[in-house]
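What follows is one structure encoded as structure tokens, with my remarks underneath.
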Number of protein chains: 2
Amino acid sequence: MSDVLRFVEDNLGRFREELYDFLRIPSVSAKSEHDADTREAAEWFGQRLQEAGLTAVVHDTPGHPIVVGEWRGAGPDAPTVLIYGHYDVQPPEPLDLWDSPPFEPTERDGRIYARGSADDKGQLYMHVKALEAFHATGAELPINVVVLAEGEEEVGSPNLVPFVEARADELACDVVLISDTGMFAEGLPSLLFSLRGLAYFELHVHGANSDLHSGEYGGAVGNPGNAMSRIIASLHDDKGRIAIDGFYDDVVEWDAETRSQIAGLPHSDKSFAQDVGAPGLIGEDGYSALERLWIRPTCDVCGILCGYTGEGAKTVLPNHAMAKVSFRLVPDQHPDRIKELFEAHVAKVAPRGVTVEVRELHGGRPWKASPSGPAFEAAGEALAEAFGTEPVLMGGGGSIPIVVEFEEKLDATALLVGFSLPNCNLHAPNEWFPIENYEKGIGALARLYGKLGSLRG
Amino acid sequence: MSDVLRFVEDNLGRFREELYDFLRIPSVSAKSEHDADTREAAEWFGQRLQEAGLTAVVHDTPGHPIVVGEWRGAGPDAPTVLIYGHYDVQPPEPLDLWDSPPFEPTERDGRIYARGSADDKGQLYMHVKALEAFHATGAELPINVVVLAEGEEEVGSPNLVPFVEARADELACDVVLISDTGMFAEGLPSLLFSLRGLAYFELHVHGANSDLHSGEYGGAVGNPGNAMSRIIASLHDDKGRIAIDGFYDDVVEWDAETRSQIAGLPHSDKSFAQDVGAPGLIGEDGYSALERLWIRPTCDVCGILCGYTGEGAKTVLPNHAMAKVSFRLVPDQHPDRIKELFEAHVAKVAPRGVTVEVRELHGGRPWKASPSGPAFEAAGEALAEAFGTEPVLMGGGGSIPIVVEFEEKLDATALLVGFSLPNCNLHAPNEWFPIENYEKGIGALARLYGKLGSLRG
């Protein structure tokens, strides 16, 4: 292992440069104008896997490609670890809020600024470099490895589950290892015990055939902007709870031990709010901020567009309004059920004078781990050695819908070891990733591979 | 008068072609990118006034120019009529909903399709052509005429009142004649007894410093999109009334005679809704649709913009939301008072976790006429002769804020004689003006000028 770690140490500069090449490819999966870029990122990633000693295949799907790399050198009796990540990124808009171009990686203050640096290209590429260190030094890698990188995570992974189902034998593994989450705080390595699910809709409200004069028609013809606002406002009650009938039916209340563990983490509401410039925190009555983020469901509007939004005072009665409405779900909520409940709610509260339409954009199930067992312990040790401090257990507010699918389809344990930080601006302008974590993390992953060799022993 | 009317009849084709030149100038006052176009429209209009026998001056203002034309040939003892209109137009967006380009006038089915055809270039230009008919035929015009055309009506006329105040002597008149409104129905000439006022605001809701990941922060950090929706929803109660404290304090209840006159007009809620493709009508309990449009105040969102509105499912917690919120006012509401009430309401209902800001975009006072007296009678006769049927009295849902100012500043009677139709798509895509009304209306205005000569007798 010391050869491996020395190789990592000696090549950190090159590892960063290679990552920057990866980050320069604008693989925005949500926008069809970037389809060619997304494919280029897949091809580029496959070549890097080959150079790290794996065989790699770029598989076509009805959407963006899935890259699979394999190394079976540990033999049939050794455990197999499937490393999952994604090479697609969120749209970079609004562009004018970036201090440096989103697809031109820029180092400032020990940070790598670029779209995808934290979510997830940077973290995915750390695995490739840890694997390369074994390959280049000839050190013994005690596990078989399958790397699976998809290009549709940011649009709900529509083609991944069918792919995994069709190739369940080929992808069979003991552990699914994912680095697409964060550490609780700088210098504090972390292991995840939960992820929220997602149900994401577009809500359309239609009024007249065309926009109308707000004086000639206002007050008698329905206004989709006013109506949309009433519908969105109806989604929460005054206690910060989601006011959809049946919404909490399947929500699991967490055990006292987990809640007490959460309460023990070094967290301050005040600095949490200050870090993002928020004027105070909000949320569901009866839960702390971390609980609201990790173990409680939420509803956030991600966008609204209606009528005239340019300069000046256009007196128009709009004929259409659109809102992107997302729900984060917790065990045991299911996005299909949430869709039914949301549709019924919208139909119930829709004001007169307009028609409403709900379009499902994507959904994913929540995940809850049992934070124990040999894989969890191996990860804890590897992180402690690399970072010099014991890792903490934390929940995850975001969604990686494939995690629960992997566990079920492959009958494996998911292990989520991530290295971004809470203020890395994921999905926002000026996304960044700490260089220190990129570098220490590669070492931590190499150590983890070594420890997972004894998984079956 | 017969020479005048024959001249009009003989020149209708040319009158249309000239109007089309006027309509081709994209004089969008709300957008600074069109400043040069707006000035061009002013210069063009001034030249046409000169050709019609008036002296014309294009006056600079801090905003768009004001054009004043004068003809004092009737002598100091004759009445003076000030003709007011505007050469600026609403923004044409959304462009993709126009069947022909907004600034390329197109004739279809007896209609002139173009931005400004009805509001107000077409109607303003009818006066120029009626005046030209007297000038060209040498017929006696028994009134002095001042034509005042502004370029900021669609942005609240910020420079007109100071202009009128500064030149009250020069603009002194007996009647202010305005053609910027419509007829109740096709073939049914109309005289206006009211206009609504306007109070137009931009509401901004701010959250964190930048957009955030909706999973990492959703549920604990305030969402300006959700908050904006709650604020907008709070503006109405379940009876369709505006739920702002004190909002109705200054609203005048109209007399039974006017309400009975309104009830007697040939109107069907069903066809009114069908004409604009609205799925049914809405509005304040206790009032008919026409009353809701004419004698009751309303609140309409004209636009909302928040977060990500592009293709796909971006899971973002936006940090800003903007809504354009407009109120139509009725006597004796005042936009300054409404601003105070609106600001107080927004501050009161603003949810935690966000900050709110109200920006006033423009305001104008409502107007109520006494529908009697010699000017009203002259207009009634002129319309009856030109259209072959007695005109009806109607209210106006729109706003021409300058009307009440003219009456007060110039101590004159306002006379609103308009020729557009209810479904002319004012402020909307595919604005049009009926060719028949353009042609008959020029004759009606010429007749009206003749009759107003006896105003002081």
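What follows is calculated from the coordinates using simple rules that are stated; it is not laboratory data. Just so we're clear, the structure is a prediction, and the values are computed from it rather than from any experiment. Positions of Cβ are generated from backbone atoms using ideal geometry, with glycine treated the same way; all protein chains shown enter the neighbour counts.
Odds and ends about this structure:
- Within chain A, DSSP assigns beta bridges of which about 70% are antiparallel (rounded to the nearest 5).
- Student exercise, segment A:129-264 dipole from Lys, Arg, Asp, Glu Cβ charges, in Debye to nearest 20: 400
- Dipole of chain B [Lys/Arg +1, Asp/Glu -1 at C-beta], most positive-end residue of B:Val145, B:Tyr87, B:Pro279: B:Pro279
- Cα gyration tensor shape of segment B:227-312, rounded if a/c is under 1.5, else prolate or oblate by comparing a/b with b/c: oblate
- Computed over segment B:88-162: relative contact order in percent, which uses C-alpha pairs under 8 Å that are six or more apart: 28
- Alpha-carbon centroids, segment A:17-89 and segment B:294-364: separation in whole Å: 47
- Lys, Arg +1 and Asp, Glu -1 on Cβ, resulting dipole of segment B:76-118 about Cα centre, debye, nearest 20: 80
- Normalised by the number of residues in chain B, the mean separation of alpha-carbon contacts (under 8 Å, six or more apart) gives a relative contact order of 26 percent.
- Shielding of A:231-239 by partner chains, average beta-carbon count, 10 Å: 4
- The amide H of A:Leu361, built 1.01 Å from its N in the peptide plane, has A:Tyr200, A:Phe201, A:Glu202 as neighbours under 5 Å, considering only residues 5 or more places off or on other chains.
- Using just its DSSP H runs of length 4 or more, each adding -39500 (n - 2.57), chain B gives a mean residue ellipticity at 222 nm of -10000 deg cm²/dmol after division by all residues.
- Long-range HN-HN contacts of B:Ile83 with modeled amide H, under 5 Å: B:Val146, B:Val147, B:Leu148, B:Leu177
- Shown in residue order for segment A:329-340 are the 3J(HN,Hα) couplings computed by the Karplus curve 6.51 cos²θ - 1.76 cosθ + 1.60 at θ = phi - 60°: 10, 10, x, 10, 5, 10, x, 5, 5, 4, 4, 4 Hz (x for Gly and Pro).
- Amide H contacts of B:Gly197 (H built 1.01 Å from N, in plane; Pro and chain starts excluded): B:Leu329, B:Val330, B:Trp367 sit under 5 Å, all sequence-distant by 5 or more or on other chains.
- Taking other C-beta atoms within 10 Å as the exposure proxy, B:Thr258, A:Thr61 rank A:Thr61, B:Thr258 from fewest upward.
- Among A:Val349, A:Leu383, A:Phe406 the positive-end extreme of the charge dipole of segment A:333-457 (Cβ point charges): A:Val349
- Shown for B:Glu104: label points 7 Å from Cα along the beta-carbon vector, and their distances to the equivalent points in the other copies, 3.9 nm in ascending order.
- Averaging the sequence gap over all C-alpha pairs within less than 8 Å and six or more residues apart, then dividing by the number of residues, gives segment A:49-205 a relative contact order of 33 percent.
- Rg [Å, one decimal], Dmax [Å, integer] - segment B:162-294, C-alpha atoms: 22.3, 68
- Shielding by partners - mean other protein chain Cβ count within 10 Å, residues of B:46-52: 0
- For the protein assembly as shown, the antiparallel share of DSSP beta bridges with both residues in that region comes to about 70%.
- For A:Ser229, A:Ser210, B:Ser194, A:Ser271, order by how many other beta-carbon atoms lie within 10 Å, fewest first: A:Ser271, A:Ser210, B:Ser194, A:Ser229
- For segment A:404-457 versus segment B:169-220, the inter-centroid distance based on Cα atoms is 54 Å.
- Measuring gaps between exposed loop sites in chain A (GluC sites (Glu not before Pro); DSSP loop; at most 16 other Cβ atoms within 10 Å), the longest gap, sites not included, is A:312-457.
- Take each residue of peptide B:90-96, count the partner chain Cβ atoms within 10 Å of its Cβ, and average: the result is 4.
- Teacher prompt: B:Ser454 distances to equivalent labels in other copies, 7 Å Cα→Cβ, nm: 11.5
- By the beta-carbon count within 10 Å of each Cβ, the least crowded to most crowded order of A:Phe15, B:Phe45, A:Phe433, fewest first, is A:Phe15, B:Phe45, A:Phe433.
- Gyration tensor verdict on chain B (Cα atoms; rounded if a/c is under 1.5, prolate if a/b is larger than b/c, oblate otherwise): prolate
- Contour excess over end-to-end distance, with Cα ends at B:Ser32 and B:Asp255 and 0.36 nm allotted per residue: 75.9 nm
- Position B:Leu265: other-copy label points at 6.2 nm, ordered by increasing distance, label point 7 Å along Cα→C-beta.
- Cα shape, segment A:88-189, gyration tensor, a/c 1.5 rule: oblate
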